[in-house]
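The values are calculated or read from the model by the stated rules, or taken from the named source; none is laboratory data. Predicted model, so just to flag it, every value in this text is computed and none were measured. A quick note on method: Cβ atoms are made from the backbone with ideal geometry, for glycine too, and the neighbour counts reach across all protein chains shown. For accessibility, only protein heavy atoms count, side chains too; no ligands or nucleic acids. Shrake-Rupley method; radii C 1.70, N 1.55, O 1.52, S 1.80 Å.
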Amino acid sequence: DLGMEKSAIPSEKSEETGIIATLKSIDWRYQLWMIGVTVTDNTFLYLLFYFIFSVLGNYNYFFFAAHLIDVAVGVPALRIILQAITYNGKELVLTVGLLSIVCYIYTVLAFNFFREFYVAEGEEGEDPDQKCHDMFTCFVFHLYQGVRAGGGIGDVIEPPDGADNEFVRIFFDISFFLFIIVILLAIIQGFIIDAFGALRDQLQGVEDELSNNCFICGIGKDYLDGIPHGFDIHVQKEHNLANYLFFLMYLINKDENDYTGQETYVWNMYQERCWDFFPAGDCFRKQYESELGGGGG
């Protein structure tokens, strides 16, 4: 891993033998770090979820249905939809909490002043259906039925026609519809839609950046296509990202005493997480043109 320090690599040379010597030779701090990185990795967690449902599917075929999520995970365009739900996760949770609080306030009002509208006539021989006979039942009814109803709680309870508190009940229904259905649910939908747009723009921006500029030096495709070999040869041969990664891995696994001067320079900068050794804004072609310009002057 490129985030690993050289001191974290266990030493391969040990004169001691036996189980105790083996245990001493293990860098436990590094192993704990690796475990922490592994168990918090999204790919690992997804594969663990996949494996658990594979085992449970042997007892009930129902669990195999969860494997269909792999279609959305495997396709980048569909993966954005899943990420949009968790992109503003904190804001979504807080908004849902606010929705529950507002819904509870309406539950208290309904339980104390409008309980008679929550009683539906039962069929012959059956007791009336009381949807708000206690606070818990009343709250669950508002949260489940009222929030899902397109017109709010007024769509799922008895109408206030002819009641003494008819106008108060109308205000109750309309305010529930405005605060919960129109405002809070719209905010939740807005979070998801905005996150989807932001992730899509971010992905498109990365693709445009990589397709129009060299990742190593940042020089644009327009300039590189105007010189011999062009942009494609430049990013594949001259400034191939894989070559830089291989070189860093080579330095991580090489003994510091065997470094050359250039390797020592790059390693010291890497240890400080300084990336000035990358030729930002420069390449052999630009250096050659500078030399020609200097010679001509």
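Note on F284 and N42: their simple-model spin labels are 3.8 nm apart, each label 7 Å out from Cα toward Cβ.
The stretch between V55 and H67 holds 3.1 nm of extra length on full extension. This uses 0.36 nm per residue minus the Cα-Cα distance. Counting only protein heavy atoms and a probe of 1.4 Å, the accessible surface of the chain is 61% carbon and sulfur.
Tell me what the chain gives for mean residue ellipticity at 222 nm when only DSSP H runs of n ≥ 4 count, each as -39,500 (n - 2.57), the sum divided by the residue total, rounded to 500 deg cm²/dmol. Don't skip to the end; give the middle numbers.
Working: 14 runs with 169 residues, N = 297.
Theoretical 222 nm ellipticity from helices: -17500 deg cm²/dmol.
Dividing the alpha-carbon radius of gyration of the range 29-144 by the rule-of-thumb value 2.2 N^0.38 Å gives 1.72. Projected onto their three principal axes, the Cα atoms of the chain cover extents of 98, 69, 36 Å, largest first.
Solvent exposure of the chain, expressed per residue, is 68 Å² of accessible area, with all protein chains present and a 1.4 angstrom probe.
Relative contact order for the chain: what is it in percent, counting Cα pairs under 8 Å that are at least 6 residues apart?
Working: 187 pairs, mean separation 40.9, N = 297.
Contact order relative to length: 14 percent.
For the range 55-68, 3J(HN,Hα) computed residue by residue from phi via the Karplus equation (6.51, -1.76, 1.60; θ = phi - 60°) reads 5, 5, x, 6, 9, 8, 4, 4, 5, 5, 5, 5, 5, 5 Hz, glycine and proline entered as x.
Remark: the Y104-A242 segment gains 44.0 nm on full extension, using 0.36 nm per residue and subtracting the alpha carbon distance.
For the pair S211 and F171, what calculated FRET efficiency results from E = 1/(1 + (r/R0)^6), where r is the Cβ-Cβ distance and R0 = 51 Å, to the nearest 0.05? Don't jump to the answer; show the numbers that get you there.
Working: r = 58 Å, r/R0 = 1.13.
It comes out at approximately 0.35.
With axes computed from alpha carbons, what is the tilt in degrees of helix 241-253 against the longest principal axis of the chain, rounded to the nearest 10 within 0 to 90? Between helix and principal axis, roughly 70 degrees. With 0.36 nm allotted per residue and the present C-alpha distance subtracted, the D194-S25 stretch has 55.7 nm of extension available.
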